[in-house]
1. In region 387-405, which residue that is touching a strand residue (DSSP E or B) at 6+ places or on another chain (Cβ under 7 Å) and more than 19 Å from P342 (Cβ to Cβ) is surrounded by the fewest Cβ atoms within 10 Å (Cβ to Cβ)?
2. Restricting attention to region 50-60, does a residue exist that is under 19 Å from P39 (Cα atoms) and in contact with a Phe, Trp or Tyr (Cβ under 9 Å, 6 or more places away or on another chain)?
3. Kindly evaluate S192 against the criterion of being within 26 Å of W301 (Cα to Cα), surrounded by fewer than 17 Cβ atoms within 10 Å (Cβ to Cβ), of a type in the set (G, A, S) and not assigned by TED's automatic domain parsing to the domain that holds A109.
4. With touching a residue at least 60 places away in the same chain (Cβ under 8 Å), within 29 Å of A172 (Cβ to Cβ) and part of a helix (DSSP H, G or I) as the only criterion, which of A133, A120, A116 stands out?
5. Considering only region 297-324, state which residues are touching a residue at least 40 places away in the same chain (Cβ under 8 Å), among the aliphatic types (A, V, I, L, M), under 18 Å from L338 (Cα atoms) and out of contact with any Pro (no Cβ under 9 Å at 6 or more places or on another chain).
6. Go through region 196-213 and count every residue that is among the hydroxyl-bearing types (S, T, Y) and part of a helix (DSSP H, G or I).
7. Among the candidates I222, I216, I236, single out the residue that is over 16 Å from R163 (Cα atoms), of a type in the set (A, V, I, L, M) and not in a helix (DSSP H, G or I).
8. Please give the number of the condition Q153 fails out of (1) assigned to a loop (DSSP other than H, G, I, E, B); (2) under 23 Å from H118 (Cβ atoms); (3) of a type in the set (S, T, N, Q).
Amino acid sequence: MNLYPCKAYLLVLVSWLLTSLSHAEELPALYVSDSPAMPALIEPGSADEIAYGFLSQQIASGEADDAAYVLENTLNQIEASRHRYHEDLIVPLTLLGDARMAQQDLESALDLYTRARHVARVSHGLFDVKQLAVVYREADALIAAGDIKMAAQREEYAYEVMRKAYPNYDSATLPGLMRLGDFYLNTFNYLSARAMYTAAMNVHSSNQTDFSVEAIPALRGIAISHRLERFPPIYIANPDSSAFDNPTPGLRSPEFDRQQMVFNNFPAGEKALQQIIEIRKRQEPEDVGETLNAIIELADWHLLFGRSNMANTLYSEVYKQMLASGVDAASFFAKPMLVYLPQPDNPQPPPADRRAEPADGLVTLSFDVAPTGRIRKLVTLESKPEKLMDFRVRRSMRLAIFRPQLIDGLPVVAEAQTYTHEFRYFPKIDPTAAVVNPAAQSPTEES
């Protein structure tokens, strides 16, 4: 039984949430995207699969160089026998873009994807869904290149294409809604993300799938959007901080107009997580492990919002059910598990002319975790360089929330826990340091 398995982090969350913990194996993931499948470039059983299936597998298996050579020749042959905008070019252009991505040649990949999209629009129409497999590749390449603004435009364009192609509340719109919601959440546009996930749930309700397993990603996305609004993943010292300044959504949609910041994020998130539990219980046969995962998520939600009594009641119930299922509950709850920690920002680097090569620093803290999930008795064990990051790391740690340790199903104080925060910094060059005078050096022999 795989309880609370390791989930894939969203792109931006990774850099802020991956930290070194000596008391827990990993941070719990905030969100996993199990969105519906995106439109396929190559349909199973099609002529394209016969012609390009092997090349696609080559690229996926790390043989991009060989595949690229064949694809280049194929493109030359198609262009020579037909023309530069023939629809037969779409798949090989896109696959060659995939090969360039595998070769880390982002610029060439983007050029190929852009050309493939243009050929698809010329061949099938400006808003035909056949271009979506290419557009989403463009967005991924732009993200890899660090151009979030252009990636947002590609993601939103893809959603508009899908919205024009299908009627309102058609289940075929779910992939586009979920993909765009994931992107917004990844770039901390949590209100826009919530709008997409809410729209996805409206589609599920219209198709009577709101209590199906397929609805879980949207429900979890709604909960996480509320969590990010209340619990940002980095420490915000200044309310006017630009840490989350990301592209403003370019779409105009009624769903956006209905979203607004809320003062109490607890009820909406609780409702979504309770619905996930109900969905898991309705499965036939029920997957007990997934049901317990969902209950733990709800318990963590109560813990985050200071409702430790309810959280511990749920943790204890999970402990009992694990024992009844033959799972080692004692090991699972043997150590506190980090649920929330706003990551401190790195120290401000000195001016470029006073900056040495980057170095690694760390701060190690010791503390106790109370049954409420909060820490106490915070002590700095080690700091390198001394006092450079102590204040920031300690300030963040005071806001940390842990799932408590359970012994025999009851929460207890976990003493002497440790946490190490590692960071990169630029040592400052001392301008008063002695400088070697070239005139004082031994003169070289003249030729």
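The values are calculated or read from the model by the stated rules, or taken from the named source; none is laboratory data. Here the structure is a predicted model, which means the values were calculated and not measured. As a convention, Cβ positions derive from the backbone with ideal geometry for all residues, glycine included, and neighbour counts pool all protein chains shown.
1. Q405
2. No.
3. Numbers: within 26 Å of W301 (Cα to Cα): yes; surrounded by fewer than 17 Cβ atoms within 10 Å (Cβ to Cβ): no; of a type in the set (G, A, S): yes; not assigned by TED's automatic domain parsing to the domain that holds A109: yes.
No.
4. On inspection, the qualifying residue turns out to be A133.
5. The answer is A299, L304.
6. 4
7. The match here is I236.
8. For Q153, the exception is condition (1).
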